[in-house]
Amino acid sequence: MLASQMYSPTLREVPADAEVVSHQLMLRAGFIRRIGAGIYTYLPLAWRTLRKIEAIVREEMDAVGGQEILMPIVQPAEIWQETGRWNVYGEEMFRLTDRHQRHFCLAPTHEELVTTLVKADVTSYKQVPLTLYQIQNKYRDEVRPRFGLMRSREFIMKDAYSFHTDTDSLAKTYQDMYDAYSRIFTRCGLYFRPVEADSGAIGGSGSHEFMVLAQSGEAAVVHCSQCDYAANLEVAIPTAVPVNPTEPAGELEEVATPGMNTIQALVDGLQIPVIQTIKAVAYAAGETVVLVMVPGDAEVNEVHVAGLFGEVELPPASEEALHALGFAPGYMSPVGIAPSDNLVVLVDPTVMNMNDAVCGANRKDVHYRHVSPQRDFKNVRVESVRLLHETDGCPHCGGKVSIDRGIEVGQVFKLGTKYSEALGATVLDADGKSVPLIMGCYGVGVSRTMAASIEQNHDDDGIIWPAAIAPYEVVVVPANAKDEVQFAAARELYDDLSAAGVETVLDDRRERAGIKFKDADLIGYPLRVTVGKHFAEDGQVELKVRKTGVVETLPPTAVVERVRELLREL
């Protein structure tokens, strides 16, 4: 490819609306262009990288017995209504109505459709295990699209689905997929970690996420330094501390706390340590108010709390519902609150071990001092409902844990019979008995993987692509394109590299050498060959490795072989 003919419009300035590095660099380097909120066009350089990621994914899916199909993006509402997810997805689902007033959606995922497909054709245990996969666009109406391709409304995904008649078969395919995903992200040159995860709206009995570790990641990842435990923070349940009976520090005492309706305001106003405070957060589970009590310096594990009620998430409780039960928002606690069929109080074990604490008195601008939850909290349910902290021990071995940021690029699920039972997908087993198919599903965010790679591989000058997914492997730069001797030598190198199967760009533009070098670093070509002053002086050319910055000089005749060697290492 000649740079003068390549559609890769670069930008010198960072776009104002680009928040994270991958978004900034893909815009600046001419990989993507924004069409609307969370909607992007992939330009040629991005498309080449995406196709390389897809090729790696296909090879690994085929290697574990996957068969590629392509299902429609537009799906009828009926199959989603049968599983109950038409309402679960809520406003995140793009919905449309055709001219006959029939309802459809743009697929955010394909569990319903693939189950409906297999239901019609797979009738015997002899036809399974079966694994089908596809690579296509998905659509989710994100309330706040952000971070470029990391959270967009339209994205490219590989989704696979497996079908079985027993859990042992599912477990084998699940492990095969887990291993395949590890190979995929290793081949893409990413530093990643598989972690235990919540199944979310997909459902199922078990799940792992594959997290690319990067500071820009939206997810928090807990991992242990002494064992192989790793989990999404939302599923890392702290080890419950036994409740130890303690003597109350004193009688409850009301204290005026005007305007102190946050933990920080309470700490500042009463001049007490935060570890002496108890935080109250209220949610709505249908008609039930769920009051959650955690230490003042902790955060509620909202995913776990929602899971206790069979939900993906719980909205905040309304002020009207709280007032009806006797609560004053900003000053809440279970103290003195009468039991109710519409109230559940969840108290973290750490709170139950506190003594001489401060919590709300259920009256505006008033708190209680000298609170002993073991004495004062009645009709409560003790559950680990706070997020794990680095000071907690590992839930598996008690060792030291660390919390890093991660970008989810893949997830595997054991679905069980959630969809097959809802949609009537059954087969006859060896005894002639009709049984529901047992399912697994497995997703890779292809476009997100491209963005995650940039988040992990960049410097101040631009992108540093792993060779396996770089749009091109080498750029050849004649330092002075007007110098006929230099340009002829560069053209010959370009032809030799291309003939050897190396994906090469010749920067034939009539630009200054500095501009060409800046663009090469911005785009992130793994290797740069420069025909410049050394060639004029002693017939040598420069070969620079983008990742390390190491430069070596060598004769043009040695370039092809040396490039091959370096590409095998990168």
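The values are calculated or read from the model by the stated rules, or taken from the named source; none is laboratory data. Please read these numbers as outputs of a predicted model, since none were measured by experiment. All Cβ positions, even for glycine, are placed from backbone atoms using ideal geometry, and neighbour counts span all protein chains on display. Quick note on the areas: whole protein, heavy atoms, side chains included, nothing else; ligands and nucleic acids left out. Shrake-Rupley method; radii C 1.70, N 1.55, O 1.52, S 1.80 Å.
For the listed peptides 442-451, 554-563, a ranking on the average number of other beta carbons within 10 Å per residue, highest first, reads 442-451, 554-563.
The listed residues HIS23, HIS458, HIS389 rank as HIS389, HIS458, HIS23 when sorted by accessible area, largest first, using a 1.4 Å probe.
Summarising the strand pairing of segment 272-373, around 70 percent of its internal DSSP beta bridges are antiparallel.
Protection proxy ranking for 301-312, 359-370, 461-472, using the average of other Cβ atoms within 10 Å per residue and placing the highest first: 461-472, 359-370, 301-312.
Per-residue accessible area (protein heavy atoms, 1.4 Å probe) orders ARG140, ARG58 as ARG58, ARG140, starting from the largest.
Using just its DSSP H runs of length 4 or more, each adding -39500 (n - 2.57), the chain gives a mean residue ellipticity at 222 nm of -8000 deg cm²/dmol after division by all residues. Available extension along the chain between THR41 and ARG58 is 3.8 nm, counting 0.36 nm per residue and deducting the alpha carbon span. Once the 1.4 Å probe is applied to the protein heavy atoms, the chain comes out at 44 Å² accessible per residue.
About the centre of its Cα atoms, the chain shows a dipole size close to 1160 debye [charges on the beta carbon of Lys, Arg (+1) and Asp, Glu (-1) only; nearest 20 debye]. The portion of the accessible surface of the chain made up by carbon and sulfur, rounded to a whole percent, is 49 (1.4 Å probe; DNA, RNA and ligands excluded). Within the assembled protein chains, the solvent-accessible surface assigned to SER4 is about 70 Å², based on a 1.4 Å probe. In segment 145-235, taking the dipole from charged Cβ atoms about the Cα centre, the farthest positive-side position among ALA171, ILE156, ALA197 is held by ILE156.
Peptides 122-129, 516-523 ranked from most to least packed by the mean count of surrounding Cβ atoms within 10 Å: 516-523, 122-129. The average projected area of the chain, computed from the convex hull of its Cα atoms over all directions, is 33.4 nm². Were the residues from ALA558 through SER124 laid out at 0.36 nm apart, the gain over their Cα-Cα distance would be 150.2 nm.
How much length would be gained if the chain were fully extended between ARG12 and ALA240, taking 0.36 nm per residue of separation minus their Cα-Cα distance, in nm to one decimal? So the chain would gain 76.8 nm between ARG12 and ALA240. Label-to-label distance, SER434 versus ASN137, with points set 7 angstrom from Cα along the beta-carbon direction: 4.0 nm.
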